[in-house]
Amino acid sequence: MNEGYALFIKEQNEDLKTDRIREDIKLSLTDKQYSNLKLKAYQAGFENAGDFIQSFVSDLTGWCSNGSDERDLAGQWYERAHGMSKFHCYFRYYLFNHDFHFGEMLEMIEDQDYFDEIYEEYKADAWGLEAQSKTDCIELLKKLVDPETEIEL
């Protein structure tokens, strides 16, 4: 076994220890959506719809997936349905793509100079796409660091 693969397996095993119900994920479905989702889950051999969704999330995130083809197809679905906008560069994407943690986001809210520096980098990173306004970005930061607030931007 090569060293990179061994490291990946070790990291996955460590991450599995963090598996738990996430309280901030709520799913609203119509009766027909729910019924059809359960049917798809049962057809695929799952005991419930939650395990079925978790299987897709594994492929979508590339973590503990069902295989490379499934990861590729989930990635293609994401790009087609929700990929980077042709017109806008979203601040959420920028924060995620640059691995900002909650402490840094809180610092951006509290330190205007730091926020201005990050905002200018974000605009430069937008590659000519329309960036969100400073006000929208600050509101997003406030919502992200407050786990009780749902993100609506």
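Could you name every one of the helices (runs of 4 or more DSSP H) located completely within segment 76-153 that has at least 1 residues being among the β-branched types (Val, Ile, Thr), modelled with pLDDT under 90 and closer than 22 Å to Lys26 by Cβ?
134-145
If you go through segment 10-41 one residue at a time, how many are in a helix (DSSP H, G or I) and under 22 Å from the mean Cα position of the chain (by Cα)?
7
Counting only residues that are part of a helix (DSSP H, G or I) and either loosely packed, with under 13 Cβ neighbours inside 10 Å or touching a residue at least 60 places away in the same chain (Cβ under 8 Å) (or both), which one in segment 42-54 is farthest from the chain's Cα centre (by Cα)?
Gln43
Filter segment 106-130 down to the residues that are touching a residue at least 12 places away in the same chain (Cβ under 8 Å) and aromatic (Phe, Trp, Tyr), then identify the one that is most open to solvent (accessible area, probe 1.4 Å).
Only one residue fits best here, namely Trp127.
Residues in segment 61-72: is at least one within 30 Å of Val145 (Cα to Cα) and surrounded by fewer than 10 Cβ atoms within 10 Å (Cβ to Cβ)?
No: segment 61-72 contains no residue that is within 30 Å of Val145 (Cα to Cα) and surrounded by fewer than 10 Cβ atoms within 10 Å (Cβ to Cβ).
Which ones in segment 16-32 are loosely packed, with under 10 Cβ neighbours inside 10 Å and hydrophobic (A, V, I, L, M, F, W, C)?
Residues satisfying the conditions are Ile21, Ile25.
The values are calculated or read from the model by the stated rules, or taken from the named source; none is laboratory data. Small disclaimer: the values here were computed from a predicted structure and weren't measured. Note that each Cβ is placed from the backbone with ideal geometry, even for glycine, and that neighbours are counted across all protein chains shown. Protein only, heavy atoms only, side chains kept; ligands, DNA and RNA dropped before computing areas. Shrake-Rupley method; radii C 1.70, N 1.55, O 1.52, S 1.80 Å.
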